[in-house]
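The structure appears right after this line, and notes come after that.
Coordinate-derived values only; no laboratory data. All values derive from a computational prediction rather than experimental measurement. Note that each Cβ is placed from the backbone with ideal geometry, even for glycine, and that neighbours are counted across all protein chains shown.
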Ligand SMILES: [Fe+2]
């Protein structure tokens, strides 16, 4: 059965019916999904049989090489491409996945890595029964199009530093979470526990990277320009005085997440949301830590064109 795409009555997004993750995706369906993603940026696959891990990975690989997300987050997982976004704790007392149930600020997945996320896949295995958190998506093509031309010219030569490190006072690499302070502490604790666990087991995991990217990038698939900064992960504009940089990023954060460009997704268990990681920003609400929320996340990777700041960022 061919897939069916039904646009949502929203600033972005469409429902996709008829996906069968148990079989290899047909060339026609792959093409239809690529086209729908370029048109709608967020695709909510719904009503399908739950894919096994390897079926989810097989599907995602059709759209590009995948980031080994579980390794970046210090996890030990048989399927490195799947990041377990959940608040579960293993028998060893260490978070099974990302840990925490805090809110996450607007961000683009892996913008803090030299090879950034291009498409992301986020699938709801289990969602809280009470007050399930929404995930919101903001259209960055629309954000760019509404920028005054003079501002675009001012932004075009600029580069920004993206990082989730530096949260801890002692310079240890920790995950930076804005929003609920309690949530940030939970995240830091889960990262610390994973590092201890991995050292005990002799498991090596890459350090959390950081990266410098242009403030405006051209999407490799759509050929359209987008604003590529976020409140959650972009720390400063390279070469700009701190106060000026903070003021500009604050202004861009507001412009990039105007309510009229946002779609708020209410999850149903089983939803698999594929989104244009470059062409959107996303954020999530917090939820009751006593409630389980279990998601699987994957991202394709893209290497932005090299620039003078790339090597410097990699060397930091
Ligand atoms: Fe994310």
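At-a-glance table
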item: Most fluctuating residue given options 279, 117, 27, as computed from a GNM of the chain linking Cα atoms under 10 Å; result: 27
item: Stokes-Einstein D in µm²/s, Kirkwood radius over Cα pairs - region 54-139 at 4 °C with 1.567 mPa s viscosity; result: 89 µm²/s
item: Gap separating the Cα centres of region 47-66 and region 227-291, nearest whole Å; result: 25 Å
item: GNM top mover of 78, 214, 132 - the chain, alpha-carbon springs below 10 Å; result: 78
item: Per-residue Cβ neighbour rank within 10 angstrom, fewest leading, 234, 135; result: 135, 234
item: Spin-label pair residue 125/residue 58, simplified geometry with 7 Å Cα→Cβ offset, distance in nm; result: 1.9 nm
item: Kirkwood hydrodynamic radius over Cα pairs of region 4-315, then Stokes diffusion coefficient at 10 °C and 1.306 mPa s, in µm²/s; result: 80 µm²/s
item: Over the chain, relative contact order from alpha-carbon pairs under 8 Å, at least 6 apart, %; result: 32 percent
item: Per-residue [θ]222 nm for the chain (sum of -39500 (n - 2.57) over DSSP H runs n ≥ 4, rounded to 500); result: -8000 deg cm²/dmol
item: Highest-MSF residue in the chain out of 118, 250, 130 [GNM, Cα springs under 10 Å]; result: 130
